[in-house]
Amino acid sequence: MSPAFPPASKILSSRCARTCSASSRACGPEDTPMKLERKRERDGGYVEEPGAERAHPSGTVNAHGTHCVELETDIKMGTTNAQTNSGHAHDEVHPRGGSIDAFFAETVILLTGATGFLGKALLEKLLRSCPQVATIFVLIRPKKDQSVEQRFQELLNNPVFDRIRSEFPGTLNKIFPVKGDVGLPELGLQPEDRDMLIQRVNIVFHSAATVRFNESLKIAVNLNTMGTDRMLDLCRRMTNLISVIHVSTAYSNADRRDIEESIYITEVRPYTVVDMCENLDDETIGIIEKRLIGKHPNTYTLTKGLAEQIVMSKGSGLPIAIVRPSIVCAAYQEPFPGWIDNTCGITGIMTEIGRGTVRSIVCNAKLVVDVVPVDFVVNTLICASWHNAMQRTDTIKIYNCTSSTVNPITWGEFGYLVRKHAIESPSKYVMWYPGFTFRTNKFIHSIIVATLHFLPAFIVDLILRVQGCKPMMVKVAKRFERAAKTGEFFAMNEWKFYSGNMTKLVKFVRASEDCDKFDVDIRNVDWDMYLHQYMLGIRKYILKDNLDTLNNARNRLSRLYWMHKFTKILSIFALLGLIKCAGR
């Protein structure tokens, strides 16, 4: 058993980290218990009852022609649009420097979700492009088989920081681990760490969440919804806070088709769902889970939407904004073109397309896919934090960080480019000549899956067993089928994301002194180039396949091409034979 992890404040002292000073900001009550916050929400302290209207002092009108009030509601709660008034009726320009780098100079940052894909990229970018940052605290929870120290060292050794190690040696010393867990009361913080964060932190990026689509409702609510609630409790006590960014998802309102940069109220309120999960047994929760999810595809999108409503109520008075990225994929340019460190979602499907093990995917090829490179999301988070503090308003700004509105690409075009670059840059692990079909007919898809996914996988595993090797292809086929099933909802539906705030942010960043370091304009993405880099990134970072194997891989692919052609001809003759026999 490893020794107790020392408080971050002691680690900080031992490393002689610099102490920053920032403009103070009143953050509301300091010691409000979580249960009391929930009671206030139920009793009307934060939320008005359905149908209640209070005119905004300025009388402004939103896109629906209704007044922007502290919380707008309609009698039809399931389709309610809402925005939160922070209680300040005036715009506020922060006194820090106008450039992004100057804004982050000497600041202390708290980052949750740093060990995740997006969190790593954000941490790397902050260190490299905002070199004057004083300190970055990263909240890390221990795992069953890993201590906080081990996870922190694993994070620092990640290839994502290779560029920093070569260009800015010593910069990684600005990162300090803080033992904590968004799934625990008070974030699982030690008292010394909590006090230190309250006194020192200026900027917060909250990106910790469970992104598993098949997560149980209890776990998803605890991590995604109540995790946000707990983080806001901490933020409200911070004495030098100047900006908070909550990372949500563009699909937090996946039950709608037109999604504005607003917060929407659900029929069942967040704390009602929380109380259910805390007080009902698993069997009862399982019964009502489907009803609670409604038109949402999974617990992830549901609980992220509930979290936004908590931001709306409890974030009142805080310098907070929400960023909603769509499907976050490999890097376009930074830290390295094509950088990716997981096989979740689209990346896993692209990997198997490149290996030739996928022949059929349930998807409407005519619909627009909404993907965003991780470096554009990271730049948006950083710039939104800056913009949020520089141009304070009386509403919580929401940024739909999406591509479909300004730089659309259909699933058909996306799939064509993936196959094209899979053939141009094959991996030595290619199993068959790449080729697949998007289809909406699930019956035909199931036949193709049985004959061209599982049957070949079973045969290969049989050969591997004979050779004394460990069978794996059936396992891979099952894993792919599960991934494809969870993503089916997004491949068969399309959304219209409004992006007025993102458009304003793009213009604001362009006018800044260091706009070339923070590209937030998704129109700059060349999809052909991006998917070429993406497939090379999968080859390098996922399959661990060096470029020096490319020639051998192309020779292997050429042989597989002729085998593929021969198999097709053989299949035609076999089919004709069956027809002839059936006709006798």
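The values are calculated or read from the model by the stated rules, or taken from the named source; none is laboratory data. What you are looking at is a predicted structure, and each value in this text was computed from that prediction instead of being measured. Positions of Cβ are backbone-derived with ideal geometry, glycine not excepted, and every protein chain shown enters the neighbour counts. Accessible surface areas use protein heavy atoms only, side chains included; no ligands, DNA or RNA. Shrake-Rupley method; radii C 1.70, N 1.55, O 1.52, S 1.80 Å.
Look at the stretch 144-164 and say how many of its residues are assigned to a helix (DSSP H, G or I) and open to solvent by less than 90 Å² (accessible area, probe 1.4 Å).
12
Within the stretch 567-581, is even one residue in contact with a helix residue (DSSP H, G or I) (Cβ under 8 Å, 6 or more places away or on another chain) and open to solvent by 40 Å² or more (accessible area, probe 1.4 Å)?
no
Tell me, please, whether a residue that is aromatic (Phe, Trp, Tyr), open to solvent by less than 40 Å² (accessible area, probe 1.4 Å) and either without any contact (Cβ under 8 Å) to a residue 40 or more places away in the chain or closer than 30 Å to residue 298 by Cα (or both) can be found in the stretch 175-185.
no
Of the conditions (1) open to solvent by 10 Å² or more (accessible area, probe 1.4 Å); (2) in contact with a helix residue (DSSP H, G or I) (Cβ under 7 Å, 6 or more places away or on another chain), residue 392 clears all except one; give me its number.
Going through the list (1) open to solvent by 10 Å² or more (accessible area, probe 1.4 Å); (2) in contact with a helix residue (DSSP H, G or I) (Cβ under 7 Å, 6 or more places away or on another chain), residue 392 breaks only (2).
In the stretch 88-122, how many residues are open to solvent by 40 Å² or more (accessible area, probe 1.4 Å) and modelled with pLDDT under 90?
Residues flagged as open to solvent by 40 Å² or more (accessible area, probe 1.4 Å) and modelled with pLDDT under 90 within the stretch 88-122 amount to 9.
Quick grid of which residues meet (1) over 30 Å from residue 321 (Cβ atoms); (2) without any contact (Cβ under 8 Å) to a residue 24 or more places away in the chain; (3) out of contact with any strand residue (DSSP E or B) (no Cβ under 6 Å at 6 or more places or on another chain):
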{"position": "400", "(1), (2), (3)": "no, no, no"}
{"position": "405", "(1), (2), (3)": "no, no, no"}
{"position": "416", "(1), (2), (3)": "yes, yes, yes"}
{"position": "419", "(1), (2), (3)": "yes, no, yes"}
{"position": "451", "(1), (2), (3)": "yes, yes, yes"}
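Can you tell me which residue among 493, 552 is open to solvent by 30 Å² or more (accessible area, probe 1.4 Å) and more than 29 Å from residue 362 (Cβ to Cβ)?
Answer to the check: 552.
Exactly one condition in (1) basic (Lys, Arg); (2) open to solvent by less than 60 Å² (accessible area, probe 1.4 Å); (3) farther than 25 Å from residue 378 by Cα is false for residue 442; which is it?
Single failed check for residue 442: (2).
So which pairs qualify, if the first residue must be in the stretch 275-287 and under 16 Å from residue 185 (Cα atoms), the second must be surrounded by 12 or more Cβ atoms within 10 Å (Cβ to Cβ) and among the hydroxyl-bearing types (Ser, Thr, Tyr), the Cβ gap must be under 9 Å, and the two must be at least 6 apart or on different chains?
Matching pairs, first to second residue: 277/225.
Please verify whether the stretch 360-369 includes one or more residues that are open to solvent by less than 10 Å² (accessible area, probe 1.4 Å) and under 28 Å from residue 122 (Cβ atoms).
yes
For the stretch 533-578, name all the residues that are among the basic types (Lys, Arg) and touching a Gly at 6+ places or on another chain (Cβ under 9 Å).
Correct list: 539, 540.
Among the residues of the stretch 359-367, is there at least one that is of a type in the set (Lys, Arg) and modelled with pLDDT of 95 or more?
Yes, the stretch 359-367 contains a residue that is of a type in the set (Lys, Arg) and modelled with pLDDT of 95 or more.
Any idea which of 286, 338 is in a helix (DSSP H, G or I) and either open to solvent by 40 Å² or more (accessible area, probe 1.4 Å) or at pLDDT 90 or above (or both)?
286
Considering only the stretch 357-468, give the helices (runs of 4 or more DSSP H) lying wholly within it that have at least 1 residues that are within 17 Å of residue 484 (Cα to Cα) and touching a Leu at 6+ places or on another chain (Cβ under 9 Å).
411-424
Can you tell me which residue among 518, 508 is aromatic (Phe, Trp, Tyr), farther than 17 Å from residue 375 by Cα and over 18 Å from the mean Cα position of the chain (by Cα)?
None of the others qualify; the one that does is 508.
Is at least one residue of the stretch 567-579 outside any loop (DSSP other than H, G, I, E, B) and in contact with a Ser or Thr (Cβ under 7 Å, 6 or more places away or on another chain)?
no
Based on this model, can you work out whether residue 462 counts as within 24 Å of residue 568 (Cα to Cα), of a type outside the set (Gly, Ala, Ser), open to solvent by 80 Å² or more (accessible area, probe 1.4 Å) and at pLDDT below 85?
Judged against the criteria, residue 462 is not a match.
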